[in-house]
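Accompanying notes for the structure given below.
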Amino acid sequence: MKYLEKLIGKISVYASFIFLFLGFIQLLSAQELHDGIKVEKIGNGNKNIILLPGFGSSGDVWNKTIDDLGKDYTFFKLTFPGFAGVPAEGDPNYNAWTKAVIGLIKKSKIENPTLIGHSMGGLMALTIAAEEPKLIQKIVVVDAVPCLIALSNPAFKADPNTDCSAMVAQINAMSADQFKNMQTQAVKTLVRDTVHQNLVLDWTLKSDRNTFGKMYCNFSQIDLRDSLTTISAPALILMNSGFKTIGSSIDEQYRGLTNKSIRYADHSLHFIMYDAEDWYLEQLKSFL
């Protein structure tokens with residue numbers, strides 16, 4: 001009898017180990033790196049959505065979006081190299097990341113995806129839809145414009161060969177406390193409530209500073225205004241309430257995008273999905 005009890009005990013231990021191992025394998029299959037980009041596949045619906053976060057942000061910025069849209073979709077939640085704790089690359093580059101996302105769509109055979117992007121991710125959604133118009137079904141841009149610098153400098157001309165070393169060096173030269181203090185003040189201008197301010201701050205502080213500086217420099221030299229005419233996918237543009245005062249400039253930025261709807265949130269800063277959550281989800285569901 002004692003022998004049988006010991007045997008059952010051993011079998012239980014082995015069974016528990018097997019279940020844990022299988023669970024670990026399933027976790028690995030749901031999360032992988034594609035050209036350095038962390039890709040999390042969630043759900044098994046018949047419609048595909050690729051979620052592109054912004055500067056220093058985790059793909060977790062889309063968690064409420066995923067929960068609310070539900071089981072009709074398969075989601076591909078991305079976090080870019082060097083952001084929010086994902087290992088950094090030696091030479092981060094916006095164009096390389098864009099091509100990597102296009103490669104992910106083709107290699108993984110993600111059919112007719114909708115791209116939803118915030119900030120830098122919104123610009124990337126536009127870039128991909130312009131470069132591969134037949135690949136994308138719809139795009140949602142959350143608080144981004146085709147050329148940010150041109151809003152304050154209409155004469156701006158993009159220079160893809162801009163030397164980013166000075167900006168990167170300046171950020172890298174900051175002490176940990178200096179960088180944290182700078183970002184602590186910055187997040188107060190990006191999201192209203194302190195809970196999400198702390199969340200965004202945590203992602204930023206876990207980001208690689210070299211990547212942060214280089215990608216911001218890359219971003220500042222992108223002008224997609226003339227490329228928008230090649231986009232055939234319907235586009236929903238969601239902007240924070242502050243942009244209402246320069247609505248004519250936003251309209252001009254998006255003039256080349258023919259099939260679009262531009263809408264403005266009330267009482268929202270940059271992270272519209274947090275500051276105007278109900279409105280944001282309502283717009284999203286209606287468009288999709």
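The values are calculated or read from the model by the stated rules, or taken from the named source; none is laboratory data. Computed from a predicted model, the values in this text were never measured in an experiment. Note that we place each Cβ from the backbone using ideal geometry, even for glycine, and neighbour counts take in every protein chain shown.
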Within segment 33-92, restricting to residues that are of a type in the set (Lys, Arg) and farther than 21 Å from Ile128 by Cβ, the one that is nearest to the chain's Cα centre (by Cα) is Lys64
*For Thr189, are the conditions met, namely being surrounded by fewer than 17 Cβ atoms within 10 Å (Cβ to Cβ), modelled with pLDDT under 95, in a loop (DSSP other than H, G, I, E, B) and β-branched (Val, Ile, Thr)?*
no
Just one listed residue, out of Ala144, Ala155, is part of a loop (DSSP other than H, G, I, E, B), crowded, with 17+ Cβ neighbours inside 10 Å and either polar (S, T, N, Q) or in the same structural domain as Lys106 (by TED's automatic domain parsing) (or both), and it is Ala144
Exactly one of Ala176, Ala155 is among the small types (Gly, Ala, Ser), more than 30 Å from Asn112 (Cα to Cα) and modelled with pLDDT under 95, and that one is Ala155
Filtering segment 105-120 down to residues that are surrounded by 19 or more Cβ atoms within 10 Å (Cβ to Cβ) and on the phi < 0 side of the Ramachandran plot yields Ile105, Pro113, Thr114, Leu115, Ile116, Gly117, His118, Met120
Inspect segment 192-202 for any residue being surrounded by 14 or more Cβ atoms within 10 Å (Cβ to Cβ), of a type outside the set (Phe, Trp, Tyr) and closer than 24 Å to Gln221 by Cα and give the result as yes or no.
-> no
Gly43 meets each of (1) surrounded by fewer than 20 Cβ atoms within 10 Å (Cβ to Cβ); (2) in contact (Cβ under 8 Å) with a residue 60 or more places away in the chain; (3) touching a strand residue (DSSP E or B) at 6+ places or on another chain (Cβ under 6 Å) with one exception, condition (2)
Listed by first then second residue, the pairs whose first member lies in segment 89-105 and is more than 14 Å from Cys217 (Cα to Cα) and assigned by TED's automatic domain parsing to the domain that holds Val39, whose partner is of a type in the set (Ser, Thr, Tyr) and modelled with pLDDT of 95 or more, with beta carbons under 7 Å and at least 6 positions apart or on separate chains, are Thr98/Thr127
Contact list, first residue from segment 245-263 and in contact (Cβ under 8 Å) with a residue 12 or more places away in the chain and closer than 19 Å to Ala276 by Cβ, second anywhere and among the aliphatic types (A, V, I, L, M) and part of a helix (DSSP H, G or I), beta-carbon distance below 8 Å, six or more apart or interchain, is Ile246/Leu151; Ile262/Ile250
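Could you count how many residues in segment 265-288 are more than 20 Å from the chain's Cα centre (by Cα) and within 28 Å of Lys188 (Cα to Cα)?
If we filter segment 265-288 for residues that are more than 20 Å from the chain's Cα centre (by Cα), which is where we start, we get 266-267, 286.
Filter again for within 28 Å of Lys188 (Cα to Cα), leaving 266-267.
Here the count works out to 2.
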